[in-house]
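Engineer: Below is one structure. I have some questions about it.
The values are calculated or read from the model by the stated rules, or taken from the named source; none is laboratory data. Note that the structure is a prediction, hence the values are computed from the model and not measured. All Cβ positions, glycine included, derive from the backbone under ideal geometry; neighbour counts span all protein chains shown.
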Amino acid sequence: MRASGWLVGGVLGIGVVHAASASWPEPPVHEGVRVVRVTVLLTPPGMRFSAPLTYAGLQAVGCRFSTAFRPDRQAALVDIMERHLLHSQSSRFSTASLRNAIELHLHDGAVLRYTFGDDSAADGVVDGWRDRRGGTRGTGSASMPVVALRGFLREVRAWAAGDVGRVNVEPECLRDPQPSIPSK
């Protein structure tokens with residue numbers, strides 16, 4: 001399933017639930033996006049913190065996976081995102097639930113930052129938020145709520161376990177919180 005449209009809006013702040021308005025810009029991840037570098041930040045599934053985690057805190061304590069000059073690896077991650085991310089009419093994502101992030105650095109200088117909670121929800125859906133900063137297209141910044149379908153973080157963890165640069169990596173960051181049930 002590919003994302004078809006994205007809802008703009010929102011305010012960023014610790015513990016604030018993002019609100020959305022009704023404008024529909026282009027999807028932030030679409031065919032033809034030229035990614036020059038990818039950074040993925042993960043925390044171990046189910047990990048809790050005594051205070052809300054900020055993005056700077058996630059960078060400090062999270063496991064970091066990145067790749068540059070590896071178009072095949074970057075394309076594989078973009079494919080995972082295209083298949084799992086959808087716009088959201090409203091977001092249950094709060095910066096207080098920040099646990100994982102993906103940054104796509106684009107050829108025009110723009111940075112698409114996706115921040116997510118964890119995949120502990122009973123329905124397997126992961127709420128998130130997308131911010132766009134910079135770039136030469138003149139669109140400035142744009143924020144929007146997103147939702148990732150079941151299996152998104154599982155596939156991102158499998159991607160991260162591949163041949164990518166790693167910093168501050170704990171094996172728990174790659175652990176699947178819901179072991180797959182063998183088929184009969």
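Engineer: Name the residues in the range 89-106 that are within 18 Å of Tyr55 (Cα to Cα) and modelled with pLDDT of 75 or more, would you?
Structural biologist: Within the range 89-106, Ser97, Leu98, Arg99, Asn100, Ala101, Ile102, Glu103, Leu104, His105 meet the criteria.
Engineer: If you don't mind, another one. Does any residue of the range 18-28 turn out to be surrounded by 12 or more Cβ atoms within 10 Å (Cβ to Cβ), under 16 Å from the mean Cα position of the chain (by Cα) and modelled with pLDDT of 50 or more?
Structural biologist: yes
Residue-wise test of (1) basic (Lys, Arg); (2) within 21 Å of Leu149 (Cβ to Cβ); (3) within 13 Å of the chain's Cα centre (by Cα).
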position: Met47; (1), (2), (3): no, no, no
position: Ala51; (1), (2), (3): no, no, no
position: Ala60; (1), (2), (3): no, no, no
position: Ala68; (1), (2), (3): no, no, no
position: Ala76; (1), (2), (3): no, yes, no
position: Leu86; (1), (2), (3): no, yes, yes
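Engineer: Tell me, which residue of the range 151-184 that is at pLDDT 90 or above and part of a loop (DSSP other than H, G, I, E, B) is nearest to Pro71 (Cα to Cα)?
Structural biologist: For the range 151-184, the residue satisfying everything is Ala161.
Engineer: Here's another thing I want to ask about it. I'm told Gly109 meets every condition in (1) modelled with pLDDT under 90; (2) at negative phi; (3) of a type outside the set (Val, Ile, Thr) except one. Can you identify the failing condition by its number?
Structural biologist: Result: Gly109 fails condition (2) only.
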